[in-house]
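The next block holds one structure in the form of structure tokens; read it before the comments.
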Amino acid sequence: MNHSDLHAKAPSLAAGMAAADHSPDIQLSQTRHRAALVASWQIAPGSTVLELGCGQGDMTVVLAEAVGPEGRVTAVDVADPSYGAPVTLGESAARIAAGPLGPRIDFRFGTDVLDPSVDFPGSTFDHVVFAHCSWYFASLGQVRDTLARVRPWARRLCFAEWDLTPASGDQLAHLLAVLIQGQTEAAGSHGQGNVRTPFSREALLRLTHEAGWTADGSGPVDTGELQDGDWEIAACLDLAATEERLAALPEPVRQLVLSQADVLRAIAKPRGNRALAAYSVTAR
């Protein structure tokens, strides 16, 4: 399925998501972004896909559309079905499962692929998809181990994440918000945000090589209509105002975080902050 086909399907896919009941425009922009990614990966009808970190299924529904009625998507996430707001993972999955794409998807929440009890025969999947969830991992080592764990199960890796290298000055607020959150986590003050271990595209390429994959493609991904810059700035400023999180930091780190938060307040707009670009990597 090509980009234009998936792009045309994006409105109906977005409308079927539970989150669309709360923010239909946001859901549509998020679905369009994922449609562009899946189209660029050229995932063919009839494919089998393992999706890591499926969350509420934003990518899952696009993958299910791409693989068609003869394909299958196994969507796993370490989180419990009760996680998430204003819509939980379980509520979103139930909505998707009740729709026309439901028979193509196997949701598995509370599933850690690093658990020895989780296993699949070699080459079970044509593709393993790892999109916009790697910064949530606790460490680079955990990301590397996950990439290595799934290596025997799939013929091809399709990876996407935010790019730490800004392309323009109006992306600096998003970058600073990401780095502050990463510093806080690295210093031992842990939260439930989307950013725990931010790493660069270059680091990802090193990790894929260490995990036994050979990258065969990479490129930038446009994020111009996404709202994630605003979300991460808000999350970062909430963190900087949370005494419990700050108190867990060594004093020099606490002061660094507070000073950087001052800079963030000075450069961020109330809304409409431009998100960082993303990048895509494929490997075999």
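Quick notes on this one:
- Residue check for Ala275: crowded, with 18+ Cβ neighbours inside 10 Å and farther than 30 Å from Val38 by Cβ: no
- Any hit, region 167-177, residues being open to solvent by less than 40 Å² (accessible area, probe 1.4 Å) and either part of a strand (DSSP E or B) or in contact with a Phe, Trp or Tyr (Cβ under 7 Å, 6 or more places away or on another chain) (or both): no
- Test: Gln181 is open to solvent by 50 Å² or more (accessible area, probe 1.4 Å) and assigned to a helix (DSSP H, G or I): no
- Elements of type strands (runs of 3 or more DSSP E) in region 25-141, at least 2 residues being over 28 Å from Gln227 (Cα atoms): 125-131
- Total residues in region 31-62, condition among the polar types (S, T, N, Q), surrounded by fewer than 24 Cβ atoms within 10 Å (Cβ to Cβ) and in contact with a helix residue (DSSP H, G or I) (Cβ under 6 Å, 6 or more places away or on another chain): 1
- Matching entry among Asp25, Asp80 (being closer than 27 Å to Leu276 by Cβ and surrounded by fewer than 16 Cβ atoms within 10 Å (Cβ to Cβ)): Asp25
- Every pair of residues 6+ apart whose Cβ atoms lie under 8 Å, when the first sits in region 53-71 and is touching a residue at least 40 places away in the same chain (Cβ under 8 Å) while the second is of a type in the set (Asp, Glu) and not in a helix (DSSP H, G or I): Gly53/Asp77; Cys54/Asp77; Gly55/Asp77; Met59/Glu51; Thr60/Glu51; Leu63/Glu51
- When residues in region 133-155 are screened for being open to solvent by 40 Å² or more (accessible area, probe 1.4 Å), within 24 Å of Gly182 (Cβ to Cβ) and of a type outside the set (A, V, I, L, M, F, W, C), 6 of them pass.
- Lone unmet requirement of (1) within 30 Å of Phe159 (Cα to Cα); (2) more than 17 Å from the chain's Cα centre (by Cα); (3) exposed (fewer than 14 other Cβ atoms within 10 Å of the Cβ) for Asp222: (2)
- Annotation note: Cβ proximity below 7 Å between a residue of region 21-48 that is under 17 Å from Val221 (Cα atoms) and a residue that is buried (at least 16 other Cβ atoms within 10 Å of the Cβ) and of a type in the set (Ser, Thr, Tyr) (sequence gap 6+ or interchain) occurs for His33/Thr223; Leu37/Ser280; Ser40/Ser280; Trp41/Thr282.
- Residue check: Gln192 meets all listed conditions (1) open to solvent by 60 Å² or more (accessible area, probe 1.4 Å); (2) in contact with a helix residue (DSSP H, G or I) (Cβ under 8 Å, 6 or more places away or on another chain); (3) in a loop (DSSP other than H, G, I, E, B); (4) under 16 Å from Trp231 (Cβ atoms) but one, namely (2).
The values are calculated or read from the model by the stated rules, or taken from the named source; none is laboratory data. All of these numbers come straight from a predicted model, not from anything done at the bench. So basically every Cβ, Gly included, is an ideal-geometry build from the backbone, and we count neighbours across all protein chains shown. For the accessible areas, the whole protein counts, side chains as well, though only heavy atoms, and no ligand, DNA or RNA atoms are used. Shrake-Rupley method; radii C 1.70, N 1.55, O 1.52, S 1.80 Å.
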